[in-house]
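Engineer: After the structure tokens below, expect a handful of questions from me.
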Amino acid sequence: MKDGFICVIDSGIGGLAVLKELIKKAPTEKYLYFGDNLNAPYGNKSKRKLWELTLNNLVYLSQFKLKAMVVGCNTLSVNFVNEIQQFLGVKTFGVFPPVESAIINHKNPLLICTNSTAKQYENLKGVSVLGLKNLAYEIEENKYFLHNIDLSFLAKEIHQKNCLILGCTHYELLKNTFLSHFCPLKILCGAEYTANMVAKYLKNNKSLGKQRRFLVEFVGKNQTENRLFWEKVVKVD
Ligand code: DGL
């Protein structure tokens with residue numbers, strides 16, 4: 001289905017970091033962006049509540065012709081990527097914190113993520129895990145002042161770590177701030193890996209889009225803020 005949309009979903013603006021990577025790797029596609037800003041943040045909600053919200057959103061998204069779904073949210077991906085694929089019946093990709101590669105390639109990695117994502121990794125050996133209750137919310141609320149977000153509270157946690165994994169797509173929007181605060185710490189994120197997987201899938205399935213230039217539509221209630229943030233801050237040329 002060459003002419004279907006690739007849909008990206010998130011609780012809010014975080015998935016735009018994934019959309020940006022997708023456009024770099026698959027620039028001839030039509031993208032649908034759905035941010036559930038009304039219910040953000042997701043990271044402190046119960047699994048049951050998250051699935052209820054997700055189901056509602058998937059019913060809404062079923063009206064569009066999709067060729068792939070990209071769950072641009074670590075919290076949703078670790079909890080429901082298979083259920084989402086099953087519900088929609090289209091190839092579905094998640095964004096996951098690159099924990100395995102951090103363990104193999106770096107000493108003492110630290111994963112920061114939402115509390116919900118932290119639950120999935122807390123028993124894993126070789127990585128320290130820190131669930132952050134407020135950072136995604138702060139990013140959502142201060143989206144036009146990202147450089148003002150204070151990350152100094154992390155300095156103590158990062159002490160003696162060699163690698164920091166950003167396990168929430170909202171945090172990827174702050175990647176440069178993390179880099180400047182904590183240089184020379186290695187910073188790892190999941191979106192680029194997901195974008196590579198999607199591009200490979202499209203190529204292998206001969207379903208690359210035919211747009212001369214990518215196209216992005218924002219769908220669902222309250223998408224003005226996502227569109228404005230995309231146009232003003234994230235920007236892809
Ligand atoms: N951006 C999402 C993630 O990757 C969700 C953050 C939130 O809504 O708490 O986990």
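Engineer: Considering HIS147, HIS159, which residue is away from the ligand (no atom under 14 Å from the Cβ), surrounded by fewer than 18 Cβ atoms within 10 Å (Cβ to Cβ) and closer than 25 Å to GLY35 by Cα?
Structural biologist: Checking each option against the conditions leaves just HIS147.
Engineer: Under 6 Å between Cβ atoms, at least 6 apart or on separate chains: pull out the pairs that start in the stretch 105-131 with a residue that is touching a residue at least 12 places away in the same chain (Cβ under 8 Å) and end on any residue that is of a type in the set (Gly, Ala, Ser) and part of a strand (DSSP E or B).
Structural biologist: Listed pairs, sorted by first residue: LEU110/SER128; LEU111/GLY167; CYS113/GLY167; ASN115/GLY131; THR117/GLY167; ALA118/GLY131.
Engineer: Looking at the stretch 66-83, is at least one residue of a type in the set (A, V, I, L, M), within 12 Å of the ligand (Cβ to nearest atom), more than 20 Å from VAL8 (Cβ to Cβ) and assigned to a strand (DSSP E or B)?
Structural biologist: no
Engineer: Quick one: which residue in LEU16, LEU58 is modelled with pLDDT of 95 or more, under 18 Å from LEU173 (Cα atoms) and in a helix (DSSP H, G or I)?
Structural biologist: Going through LEU16, LEU58 in turn, the sole match is LEU16.
Engineer: If ILE139 satisfies all but one of (1) crowded, with 17+ Cβ neighbours inside 10 Å; (2) in a loop (DSSP other than H, G, I, E, B); (3) within 16 Å of the ligand (Cβ to nearest atom), what's the number of the condition it fails?
Structural biologist: Among (1) crowded, with 17+ Cβ neighbours inside 10 Å; (2) in a loop (DSSP other than H, G, I, E, B); (3) within 16 Å of the ligand (Cβ to nearest atom), the lone unmet condition for ILE139 is (2).
Engineer: Something else now. Exactly one of these conditions fails for LEU38: (1) away from the ligand (no atom under 15 Å from the Cβ); (2) in a helix (DSSP H, G or I); (3) within 14 Å of VAL219 (Cβ to Cβ). Give me its number.
Structural biologist: For LEU38, the exception is condition (1).
The values are calculated or read from the model by the stated rules, or taken from the named source; none is laboratory data. Only a predicted model underlies this, so the values are computations on that prediction, with no experimental measurement involved. For neighbour counting, all protein chains shown are included, and Cβ atoms are generated from backbone atoms with ideal geometry for every residue, glycine included.
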